[in-house]
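The values are calculated or read from the model by the stated rules, or taken from the named source; none is laboratory data. Small disclaimer: the values here were computed from a predicted structure and weren't measured. Every residue, glycine as well, gets a Cβ built from its backbone with ideal geometry; the counts of neighbours run over all protein chains shown. Heads up: the accessible areas ignore ligands, DNA and RNA and are worked out on the full protein's heavy atoms, side chains in. Shrake-Rupley method; radii C 1.70, N 1.55, O 1.52, S 1.80 Å.
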Amino acid sequence: MGSSGAERAAKRLFLAALCGVCQALQGGILFPTESPSREVKDVSGLWSFRADLSPERSRGFEQQWFKGPLAETGPVIDMPVPSSYNDITQDGKIQDFIGWVWYEKDVWVPSRWIQDRGTRIVLRVGSAHYYSMLWVNGVKVTEHVGGHLPFEADISGVLRQTSVNPCRITIAVNNTLTLETLPPGTIQYMNDRTRYPAGYFVQNTNFDFFNYAGIHRSVLLYTTPQAHIDDITVETTFSDNIGLVSFNVSVLGSSKPAVKVTLSAHDGRCVASADGSRGVLKVTDVNLWWPYLMHENPAYLYSMEVQATAEDGQTDVYTLPVGIRTIKVTNKQFLINNKPFYFHGVNKHEDADIRGKGFDWPLVVKDLNLMKWMGVNSFRTSHYPYAEEILQMADRHGIVIIDECPGVGIKDIRSFGNVSLAHHLTVMEELVRRDKNHPSVVMWSVANEPASEMPPAGLYFKELVSHTKSLDSSRPVTYITASNYARDLGAPYVDVICVNSYLSWYHDPGHTELISLQLNTQFDNWYGKYQKPIIQSEYGADAVPGLHSDPPMMFTEEYQKTVLQNYHNVFDQKRKEFVIGELIWNFADFMTSQNIIRVVGNKKGIFTRQRQPKAGAFLLRERYWRIANETGVLPTWARYPCL
Ligand code: GCB
């Protein structure tokens, strides 16, 4: 009986993961927007919730909780959506829960949507961690494996057949991580009955953030005509003052749709148009999309309106913002629009008090404002894809993004097998499918600190990087290494070397005087071996806010500052050669699992978890603005007042 409870849940998840990889990705996942032919109804808010606390975590399925109202099969509590559920209650069992939780909401669907058979009704979840099943009026409509990307189902048929209004949406979510999930994890049963009660198990992971779970992004209902624009892909380039936008529109539900594409400038003026589902738009006197602090008119977005008219005369309209820019990598530089770009930025987490990883507009806008205040021109979505709304905001403000998939904590050799690889490829497909059109996204990161010295890593990364390039040939691909240059087996395949190192923290703790020597060695070794540009993709030190000492000691704000200063001295030398960026770990303090090296979370933020600055934030602010003044063209309004 040792293998009960979450182990079975894990097995259930495992099987689902297998199904997930067997299914080829179908169709697009355009961000739902309103248009003359489309409506959106946000059904986030308060949902009914119950965690399945049965030892097997399987009572919900045995009793078919999806068949009727959740409140009829047991007690329910209010649960906000979007939010992680972990920190919402006073119950430690919910905070650390592993297994299935159940969400339910009654939703009114406008009757004209249901009556008009030419209308397609879609239910979409922005993300739910990790494995989800969805029912509408007790009928299963879809399931999805993976915690950070959207999924949806056409529910028109179910709504019309069941004709129950308000309709009942039930979502079951399981946060169990297995060797084949991304990120991976293992369930460990504690079988020593003198120390643990029967059935006791823990979830082990190899990553340094709390495994928040629940419905993390909005749940939407939206409509399209039956014949609808399913996906749009744009790729951009330019020559002299002519911008070129190649587009590819896929339409479903019509065999011969008439497609018209129109590109408009800010002032609404049409600058190019074309008929047909594929083509190239030519834009004279193009306004390129430039990063923040690199140009006086950054983040210029055109508006691309796509109209698809079916045989029956119905027209679907979708408008996509388009930034025209190019990305190139040489052996020493990262070029945006053929000009060298230096990443001075941050690593982030989707993380905050109470809501955990739940999407929250006030937090998103505050973070953007803090980044702009600091002179940040880029960030990395460590260690998973962020909400698409964040990418849209970066498009509009010119913040450059390294877009990372959830391949974090791949340390166990069993996670380099074929099943894991197949799932990893699927996740990259989902990520590229969602984010390919964002001008802010300049590079894909396929993993963070995998055990890249293990023999299977070479083939694994060769496959992963080449598959990602086959999905999108316009962007470079990397993964983030903390391995030693001589033992890293994946580096030959990437375009840019991204290195994490914590000198004078995890190595030679307290000895900041060694940073200069060791960091120079690090850079010279990597460059010497691969001749590829390098980003310091993580560096930093924990600082407990308000803790001070002089001379600096570990965990004080002064020590964090000293570590940063020592790194910066080396960056300033090496950025004249082949170092193309520096991303501090981390933008803000964030929650981790409980363990002996974390004091209520990771404190390497330069802001606290509540977004108040530590001393390091002011240091970085001065530095980033100085670099921006040296390397970019700043609009007058953006000049840092102290310089
Ligand atoms: C790392 C990881 C990051 C951790 C960080 C740390 O190398 O990529 O997830 O949080 O170090 O603070 O230990």
Please go through the range 463-482 and pick out each residue that is within 16 Å of the ligand (Cβ to nearest atom) and open to solvent by 20 Å² or more (accessible area, probe 1.4 Å).
ALA482
Which one is farthest from PHE334 (Cα to Cα), of the residues in the range 596-608 that are within 11 Å of the ligand (Cβ to nearest atom) and of a type outside the set (Lys, Arg)?
ILE597
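In the same structural domain as ILE584 (by the TED database), closer than 19 Å to CYS405 by Cα and open to solvent by less than 10 Å² (accessible area, probe 1.4 Å), is that true of ILE497?
Judged against the criteria, ILE497 is a match.
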Given the conditions (1) in contact with a strand residue (DSSP E or B) (Cβ under 7 Å, 6 or more places away or on another chain); (2) in contact (Cβ under 8 Å) with a residue 12 or more places away in the chain, and given that GLY68 satisfies all but one, which numbered condition is not satisfied?
(1)
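Residue-by-condition table, conditions (1) of a type in the set (Lys, Arg); (2) within 25 Å of PRO476 (Cβ to Cβ):
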position: ALA352; (1), (2): no, no
position: GLY356; (1), (2): no, no
position: LYS366; (1), (2): yes, no
position: TYR386; (1), (2): no, yes
position: ILE410; (1), (2): no, yes
position: THR426; (1), (2): no, yes
position: LEU431; (1), (2): no, yes
position: LYS436; (1), (2): yes, yes
position: PRO450; (1), (2): no, yes
List pairs: first residue in the range 492-520 and among the charged types (D, E, K, R), second residue more than 16 Å from the ligand (Cβ to nearest atom) anywhere in the structure, Cβ distance under 6 angstrom, at least six positions apart or on different chains.
ASP495/VAL329; ASP495/PRO476; ASP495/VAL477; ASP508/LEU514
Lone qualifier among SER445, SER440, SER415 - being in the same structural domain as LYS348 (by the TED database) and farther than 28 Å from TYR300 by Cβ
SER415
Output the residue which, of all residues in the range 527-568 that are aromatic (Phe, Trp, Tyr) and within 16 Å of the ligand (Cβ to nearest atom), is nearest to SER445 (Cα to Cα).
TYR539
Can you name the number of the only condition in (1) under 24 Å from ASN204 (Cβ atoms); (2) part of a strand (DSSP E or B) that LYS105 fails?
(1)
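Anything in the range 377-434 that is hydrophobic (A, V, I, L, M, F, W, C), away from the ligand (no atom under 16 Å from the Cβ) and under 16 Å from SER127 (Cα atoms)? List them, or say none.
Correct list: ALA387, ILE390, LEU391, VAL427, MET428, LEU431, VAL432.
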In a loop (DSSP other than H, G, I, E, B), crowded, with 24+ Cβ neighbours inside 10 Å and among the small types (Gly, Ala, Ser): is that true of SER415 in this structure?
no
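Can you tell me which residue among VAL570, VAL563 is touching a Phe, Trp or Tyr at 6+ places or on another chain (Cβ under 8 Å), more than 30 Å from LYS339 (Cα to Cα) and assigned to a helix (DSSP H, G or I)? It would help to see each step written out before you state the result.
Details: VAL570 fails: more than 30 Å from LYS339 (Cα to Cα).
The conditions single out VAL563.
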For the range 498-522, which positions are among the β-branched types (Val, Ile, Thr) and within 15 Å of the ligand (Cβ to nearest atom)?
VAL499
Based on what the data block shows, is GLN573 open to solvent by 40 Å² or more (accessible area, probe 1.4 Å) and under 16 Å from ASP351 (Cα atoms)?
no
Look at ALA486 and say whether it is surrounded by 23 or more Cβ atoms within 10 Å (Cβ to Cβ), in contact with a helix residue (DSSP H, G or I) (Cβ under 8 Å, 6 or more places away or on another chain) and among the small types (Gly, Ala, Ser).
no
How many residues are within 16 Å of the ligand (Cβ to nearest atom) and either of a type outside the set (S, T, N, Q) or surrounded by fewer than 21 Cβ atoms within 10 Å (Cβ to Cβ) (or both) if we restrict to the range 435-462?
6
List the number of the failed condition for ILE88; all other conditions in (1) of a type in the set (Val, Ile, Thr); (2) open to solvent by less than 40 Å² (accessible area, probe 1.4 Å); (3) under 24 Å from the mean Cα position of the chain (by Cα) hold.
(2)
Does at least one position in the range 576-595 carry a residue that is more than 16 Å from the ligand (Cβ to nearest atom), touching a residue at least 24 places away in the same chain (Cβ under 8 Å), surrounded by fewer than 21 Cβ atoms within 10 Å (Cβ to Cβ) and part of a loop (DSSP other than H, G, I, E, B)?
yes
